[in-house]
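Written below as structure tokens is the structure these notes are about.
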Amino acid sequence: MNFGERGGCRTTRPTTSYFSEIPFVLLEITRYKRAMASHLLALDQGTTSSRAIVFSLDGSVVSLAQKEFTQYYPEPGLVEHDAAEIWSTQLSVARQALTEANLKSGDIAAIGITNQRETTVLWDRKTGIPLGPAIVWQDRRTASLCDQLRSEGRADEIQERTGLVIDAYFSGTKLKWLLDNVAGARKRAAAGELAFGTVDSWLIWNLTGGQCHVTDASNASRTLLFNIAEERWDEALLTLLDIPPPVLPEVTASSGLLGHTDLDIFDEAIPISGIAGDQQAALFGQACSQPGMVKNTYGTGCFLLMNTGRNVIRSRNNLISTIAWKTDGNPVQYALEGSVFIAGSVVKWLRDGLGIIRQAADVEKLAGSVGSSEGVILVPAFTGLGAPHWDPYARGTIVGLTQNSTSAHIARAGLESIAFQVADVAQAMRDDASIEIREIRVDGGASANDLLMQFQADLLGVPIVRAKNQESTAWGAAMLAGLAVGCWRSVDELAMLWSSDRSFEPGLGEDQRTAFMRQWRRAIDRARSWAQ
């Protein structure tokens, strides 16, 4: 199956995967023209906001612009975005970041894009108009379809091909739902009239004026449709989910020249040469370039990734194997991942749902006003449980309440729930990889919370090392882009730019850690299968 038959860029369209036949002279011209450019632009499209960051080549943030966008919850378990709003906010902050940095397009060596990963968009190739809402990675509407696939005995086959477990989290079943539920969509998709993509594809389509329909290897590996060992869309899985091949994007390298912005976007065309799903970008940005290195990002969700190099580790403990990145001309790098659905968003719930804090930053002071949660445990399974439990029917639960329990105890339990979920994933990762985790490099908004980071170190019994550059995700995308256009010579050179802000050393004994985890798992048992 030739990727070039289904999309790519109309101007410099590849004939094989990963743009291996882009004319060498084109890349060299781009590198020459951008040799004097002193900055990189990262577009960081997240679950709740669109951000743009201008970096200098040493990783310093020159300017940052951010806009939140609307979250839609039409029914319990359903989460949607307006794809047009995603694009408009992302374009707005990109322009704002350049203005605030007092830079022109010619000062930008390249654009790197990182994105919320499994969120699914289906649009009209001719008009560029989405056929419906973007279905967000948190959405659980296809849980029953996943149940059906498991009951048909498809779990092992799908995991072998994709590295993924069967779950509504991933894009493939979301795309099937759209094709099943939008009138005429499957017929139009088969005729090549429609385009599917994760958010990276959607942004690049718009940035290039509809010239490029692409995704990178890291995002493709999250669709439940991509064979990660053979590095291609998998015909058997496309047939299983009834996905017409013409709807799929071209798969490119994560670092490699793929196109330029349309002249209507900025005052001149800028190369787009870096793409990675947000968690893979953070792994790259944290300089976890050697097998066995681990990072955790504390964002809306929590995502623990271990670099496994060129080896695909097949999980026995409900983790997933995924493509970490592919730099142009080099072998694919893989990772082992555990995904926690609700992490930083539990703080948002404490603020907006319970109203016990006025702003997210207040949670550390409130939680720290008590010495412990006094036995209160919160399981934030608002949209089910991710790794290693994978229970779409679990629901949020608070146990251990007494008459002495206060908002402070609940706030502390909320913070601790993030660390407990990460500890579950870390234990599964140790068992799968048979590698002792020596440290975990952390980033993301909630990693600024010292109370949480210390409790995390206590639970895991390993140092938690907070990166000095807290924009690891966006910086990872920028590095991938800059590497492709010659800002650096190698991944090893990039690793030298990483430094730490603080290390949190574990302070609990093994017996105390075991007791904490025993109580947590009792609480998990009470949350599981609740909706069912």
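The values are calculated or read from the model by the stated rules, or taken from the named source; none is laboratory data. This is a predicted model, so every value here is computed, not measured. Cβ coordinates were reconstructed from backbone atoms using ideal geometry, including for glycine residues, and neighbour counts include every protein chain displayed. The area values use the complete protein model at the heavy-atom level, side chains included, leaving out ligands, DNA and RNA. Shrake-Rupley method; radii C 1.70, N 1.55, O 1.52, S 1.80 Å.
Structure notes:
- A simple spin-label model places the labels of residue 191 and residue 450 6.3 nm from each other, with each point 7 Å out along Cα-to-Cβ.
- Along segment 501-507 the Karplus relation, 6.51 cos²θ - 1.76 cosθ + 1.60 evaluated at θ = phi - 60°, assigns HN-Hα couplings of 9, 6, 10, 9, 8, x, x Hz to successive residues, with x for each Gly and Pro.
- In terms of its Cα atoms, the chain spans 69, 50, 42 Å along the principal axes, sorted from long to short.
- Cα-based shape type of segment 138-206, given that a ≥ b ≥ c are square roots of the gyration tensor eigenvalues and the cut on a/c is 1.5: prolate
- Between 0 and 90°, nearest 10: helix 472-484 axis offset from the chain longest Cα axis: 20
- Unit charges at the beta carbon, dipole of the chain: most positive-side option, 339, 308, 410: 410
- Of 348/468; 326/348; 104/295; 365/468, those spanning more than 28 Å from alpha-carbon to alpha-carbon: 326/348; 104/295
- Total formal charge among the other residues, if their Cβ is under 12 angstrom from that of residue 460, Lys/Arg +1 and Asp/Glu -1: -3
- The residues 522, 466, sorted by heavy-atom accessible surface at 1.4 Å with ligands and nucleic acids left out, run 522, 466 from largest to smallest.
- Summed over the residues of the chain and divided among them, the accessible surface reaches 37 Å² per residue at a probe radius of 1.4 Å.
- With R₀ fixed at 35 Å, the C-beta to C-beta distance from residue 311 to residue 348 puts the FRET efficiency at about 0.40.
- Principal-axis tilt of helix 510-527 within the chain, Cα atoms, nearest 10 degrees: 80
- Kirkwood Rh and Cα Rg combined as Rg over Rh, evaluated for segment 416-532: 1.07
- Cut-off 17 Å, label 7 Å out along Cα→Cβ of residue 406, residues of segment 338-366 by amide N: 355-358, 362-366
- Per-residue [θ]222 nm for the chain (sum of -39500 (n - 2.57) over DSSP H runs n ≥ 4, rounded to 500): -10000 deg cm²/dmol
- Cβ-defined net charge surrounding residue 275, 13 Å radius [Lys, Arg +1; Asp, Glu -1]: -3
- Spacing of the two label points (7 Å from each Cα toward its C-beta) at residue 489 and residue 505, in nm: 3.8
- Extension gain for residue 435-residue 57 works out to 132.7 nm (0.36 nm per residue, less the C-alpha to C-alpha distance).
- Across segment 305-322, the residues whose backbone nitrogen lies under 16 Å from the label position 7 Å along the beta-carbon direction of residue 330 are 307-311.
- Top positive-direction residue, dipole computed over the chain with Cβ charges, set 72, 463, 116: 72
- Label-point gap, in nm, between residue 180 and residue 99 - each point 7 angstrom along Cα→Cβ: 4.5
- When a 1.4 Å probe is rolled over the protein heavy atoms, the share of accessible surface on the chain that falls to carbon and sulfur comes to 49 percent.
- When each of the peptides 437-446, 280-289 is scored by how many other beta carbons lie within 10 Å of its residues on average, the order from highest to lowest is 280-289, 437-446.
- Between the helical axis of 83-100 and the longest alpha-carbon principal axis of the chain there is an angle of about 80 degrees.
- Exposure ranking of 493, 510, 68 by accessible area [1.4 Å probe, largest first]: 68, 510, 493
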